[in-house]
1. If you take the residues of the stretch 103-143 that are modelled with pLDDT of 85 or more and among the polar types (S, T, N, Q), which of them is nearest to residue 229 (Cα to Cα)?
2. Counting only residues that are touching a Gly at 6+ places or on another chain (Cβ under 9 Å) and crowded, with 21+ Cβ neighbours inside 10 Å, which one in the stretch 223-232 is farthest from residue 169 (Cα to Cα)?
3. Say whether the condition of being more than 19 Å from residue 246 (Cα to Cα), under 17 Å from the mean Cα position of the chain (by Cα) and in contact (Cβ under 8 Å) with a residue 24 or more places away in the chain is met by at least one residue in the stretch 105-127.
4. Every residue in the stretch 181-190 that is part of a helix (DSSP H, G or I) and either surrounded by fewer than 22 Cβ atoms within 10 Å (Cβ to Cβ) or hydroxyl-bearing (Ser, Thr, Tyr) (or both), please.
5. Restricting the search to the stretch 125-135, which residues are buried (at least 18 other Cβ atoms within 10 Å of the Cβ) and either under 14 Å from residue 23 (Cα atoms) or among the basic types (Lys, Arg) (or both)?
6. Within the stretch 191-242, restricting attention to residues that are outside any helix (DSSP H, G or I) and among the hydrophobic types (A, V, I, L, M, F, W, C), which residue is nearest to residue 156 (Cα to Cα)?
7. Please go through the stretch 206-262 and give me each residue that is among the aromatic types (Phe, Trp, Tyr), touching a residue at least 60 places away in the same chain (Cβ under 8 Å) and touching an Asp or Glu at 6+ places or on another chain (Cβ under 8 Å), ordered by number.
Amino acid sequence: MFEVTRYEANRRVRSTLVLAVGLGLFGLLVIGIFPSVEASGVDFEAYVESLPDAFQESFGGGSFGTIEGFLAAEFYQFVWVLLFGLYMAYTAGGTIAGNVENGRLDLLLATPISRSRVVVEKYLSLLTPIVVLNLLMPLFVYGAVILIGESISFVDLLLVHAFSIPYLLACTSIGLVLSVVLPRGDLAQRGGIAAIFLLFVFDSVTAGTDFEALGAVSPTRYYDTTEILVEQTYDIGGAVILLLAAFLLLAVARALFLRADL
């Protein structure tokens with residue numbers, strides 16, 4: 001059991017470690033800028049509050065004058081919420097469609113393995129970057145914060161990463177559905193990027209408007225790094241919604257693949 005998961009996960013280890021190092025170095029760079037931002041005396045919070053609600057939503061709406069707010073806006077809102085979400089949707093987009101396109105899936109299905117198991121096990125292999133990065137990045141970030149002479153709650157830092165897992169699973173499931181529906185791997189990958197980016201923007205531009213309720217279709221509505229780091233509030237209900245959405249989309253991808261003409 002889980003031979004496909006182990007094989008695919010092992011193939012992702014190297015790229016995941018490279019990504020972890022890259023994000024870790026970028027995190028060190030961002031955090032290293034904070035002392036100069038703090039010493040500048042500029043009231044960034046007042047500036048952000050003067051912006052329209054859509055821009056405040058994009059910036060994370062936190063206080064730039066604290067390390068927590070700075071991290072939430074400058075690192076987590078864009079790197080973790082947007083870029084990592086895009087990466088997971090992109091990676092998932094190539095799992096099925098890419099293998100169909102290059103003929104590898106035909107060879108796999110020629111063995112005694114069901115289509116259902118292929119979809120589920122390939123999806124499970126995508127947990128590799130999610131788990132590894134969420135284990136390593138809190139250490140990078142916490143260490144960098146200590147190095148610049150600041151302090152931050154390590155528990156809240158861990159919770160930011162823990163609550164990101166349902167969000168990233170939802171992004172992965174969106175990419176997987178596109179990988180099953182679309183005929184080419186590159187098309188599914190670009191579709192995954194477009195879907196997550198448009199949902200991110202849609203949630204931002206509808207914030208504080210009469211159409212705010214429509215933003216509920218976006219996964220970003222249920223994962224707010226500022227609430228966790230700055231306000232110490234935790235949206236457990238949002239995490240549950242994201243998990244249910246991720247499993248529902250996985251079930252949709254499985255059902256569609258069972259009926260697909262390869």
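The values are calculated or read from the model by the stated rules, or taken from the named source; none is laboratory data. Nothing here was measured: the structure is a model prediction, and the numbers come from that model. Quick reminder, even Gly has a Cβ in these numbers, built from the backbone with ideal geometry, and neighbours come from all protein chains shown.
1. Pass one, the stretch 103-143, residues modelled with pLDDT of 85 or more: 116-143.
Now drop any that are not among the polar types (S, T, N, Q), which leaves 116, 125, 128, 134.
On the way: 116: 39, 125: 30, 128: 25, 134: 16 Å.
Across the stretch 103-143, the extreme among qualifying residues is 134.
2. 230
3. Within the stretch 105-127, not a single residue is more than 19 Å from residue 246 (Cα to Cα), under 17 Å from the mean Cα position of the chain (by Cα) and in contact (Cβ under 8 Å) with a residue 24 or more places away in the chain.
4. Our first condition is that a residue be part of a helix (DSSP H, G or I); within the stretch 181-190, this holds for 181, 185-190.
Passing the criteria: 181, 185, 186, 187, 190.
5. Passing the criteria: 129, 130, 133, 134.
6. Just the residues of the stretch 191-242 that are outside any helix (DSSP H, G or I), to begin with: 207-211, 218, 223-224, 230-235.
If we keep only those that are among the hydrophobic types (A, V, I, L, M, F, W, C) too, we end up with 207, 211, 230.
Values: 207: 25, 211: 31, 230: 9 Å.
My answer is 230.
7. Listed by number, the residues that qualify are 223, 234.
Per-residue answers, yes or no, for (1) modelled with pLDDT of 95 or more; (2) crowded, with 19+ Cβ neighbours inside 10 Å; (3) over 16 Å from the mean Cα position of the chain (by Cα):
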| position | (1), (2), (3) |
| --- | --- |
| 199 | no, yes, no |
| 202 | no, no, yes |
| 209 | no, no, yes |
| 216 | no, no, yes |
| 235 | no, no, yes |
| 241 | yes, no, no |
| 247 | yes, no, no |
| 258 | no, no, yes |
| 262 | no, no, yes |
